[in-house]
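Heads up: the structure comes next, in structure tokens.
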Amino acid sequence: MSEYKKRSSCACCGNTSLKNVISFGEVPLAGNFPKKEELPTVKKYELSLMFCESCALLQTDSIIDSDTLFKDYRYMSSIGLSNHFTSVASLYKNRFNLDNKSNVLEIGSNDGVLLKPFDDLGINAVGVEPATNIHEVAKLKGCNSINDYFGAQSVKKYFKQGQFDLVVANNCFAHIDDIHSIVEGVNYCISDNGHFVIEVHYLKNLIEGFQFDFIYHEHLYYYSLNSISNLLNMHGMTVVDFEEISIHSGSIRVYAKKNATVSDKVAKRLQQEIEDGYTQFKYFESFSNNVKNHIEKLKTLFDDIKKQNIKIFGYGASGRGNMLLNTCGFTADNIEFIIDESPERYGRYIPSCNIPIYPPSYLKDHQYDHIFVIAWNYFDAIKKKFNDGNKYRYVLPFPEPKIIDA
């Protein structure tokens, strides 16, 4: 495909009458962290959020070629999520009675953040990861990682039919344009009694928390239980259980199987979502105004900070951060630099905002008054990192823009 195209129909059901929820204009790619010499050539692409009333899928209207998004990727899950996925590996081991004869496949396995804990538990785990640089990090850890995209065709190249007892997709199921190809691939390689587990941001948290920073080109889809169930049903798979989890400021973990029946728990939540309006456009109508009001509150807060000549730096260079900073129009005049823990981003910049990114060691020789917590969903962990006697104040963008004393 070309580098960029507009969506003409729903990715799940093919409905051509999608309704606009919010438009962001042209914004850079959230996963892009350019070097200084690359700043003048940063590309921007249109971005809007559309809703399908036929199958209840919320989706972006702009599709970027996968190679542009993922072949050189700067997000490593092990930065901040290692403990989470170590717990997940143990959870799945116990829930599915996995042992050294079990086979597990992870779609979008990143830097081996879940593969490694499975390895440590003696479980045979393999991952498919398209980002070459991140795949190499997983290989260095000794993980069984395949550098490719997962789909209906590629799965037959690497695996046997019915090979896996468990297939997992953690925070990547919203990233892949051809979602039908993904489910077809899972159907092919999973055993008749196997489980498919999806961990993805939950629509409820996105809309009710005005989390516009989570809306960007990489994230093509924003799932309710109804929309993900509708997709899986098309391929003979059924949601049999789910859990709401706190990761990424509100996600849902969905368990699905072949030829299964819907549990009472799932049926109740599906009905509750319908009653709450998740499957109707009117549920989303106020979202655009709410986001605009939220942005204005945050910009006003920064105007007040600037008037007081307060020195402020940001913490957490991420896809969410890129979207947040670009949508608010912040530059190095507002935030002098950003601290991040990932070596993949050191010496790089926030695209269009031109804010430099430095390692934590940079703070040893620089004193500042306020920390803008860009990675606000990790606020509790970030507070612990700075609990060293410094009298920082924290500026939080969500759930409401505010300043918190140390």
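Brief remarks follow.
- On the stretch given as region 336-359, residues that are among the aliphatic types (A, V, I, L, M) and in a loop (DSSP other than H, G, I, E, B) total 0.
- Unmet criterion (only one of (1) in the same structural domain as HIS180 (by TED's automatic domain parsing); (2) buried (at least 20 other Cβ atoms within 10 Å of the Cβ); (3) in contact (Cβ under 8 Å) with a residue 60 or more places away in the chain) for HIS294: (1)
- Output for region 136-171, where each listed residue is hydrophobic (A, V, I, L, M, F, W, C) and either part of a loop (DSSP other than H, G, I, E, B) or free of Cβ contacts under 8 Å to residues at least 40 places away in the same chain (or both): ALA138, LEU140, CYS143, ILE146, PHE150, ALA152, VAL155, PHE159
- Candidate set from region 71-88 (those that are hydrophobic (A, V, I, L, M, F, W, C) and at pLDDT below 65); member that is surrounded by the most Cβ atoms within 10 Å (Cβ to Cβ): MET76
- Selection within region 349-390 - loosely packed, with under 14 Cβ neighbours inside 10 Å and either touching a residue at least 60 places away in the same chain (Cβ under 8 Å) or within 14 Å of ILE312 (Cβ to Cβ) (or both): HIS366, GLN367, ALA381, ASN390
- Total residues in region 4-22, condition under 21 Å from the mean Cα position of the chain (by Cα) and touching a residue at least 60 places away in the same chain (Cβ under 8 Å): 5
- On inspection, ALA256 passes the criterion of being over 19 Å from GLN59 (Cα atoms), surrounded by 14 or more Cβ atoms within 10 Å (Cβ to Cβ), among the small types (Gly, Ala, Ser) and not assigned by TED's automatic domain parsing to the domain that holds ALA332.
- Among the residues of region 288-330, the ones that are part of a loop (DSSP other than H, G, I, E, B) and farther than 14 Å from PHE372 by Cα come to 3 in all.
- Given (1) touching a His at 6+ places or on another chain (Cβ under 9 Å); (2) under 16 Å from PHE214 (Cα atoms); (3) at pLDDT below 90, number of the condition PHE398 does not satisfy: (3)
- Where LEU324 falls short, out of the listed (1) more than 19 Å from HIS248 (Cα to Cα); (2) modelled with pLDDT of 95 or more: (1)
- Output for region 229-263, where each listed residue is among the hydrophobic types (A, V, I, L, M, F, W, C) and in a strand (DSSP E or B): MET237, VAL239, VAL240, PHE242, ILE245, ILE252, VAL254, ALA256
The values are calculated or read from the model by the stated rules, or taken from the named source; none is laboratory data. Given the structure is predicted, the values throughout are model-derived calculations rather than measurements. Heads up, the Cβs are rebuilt from the backbone with ideal geometry, glycines too, and the neighbour counts pull from every protein chain shown.
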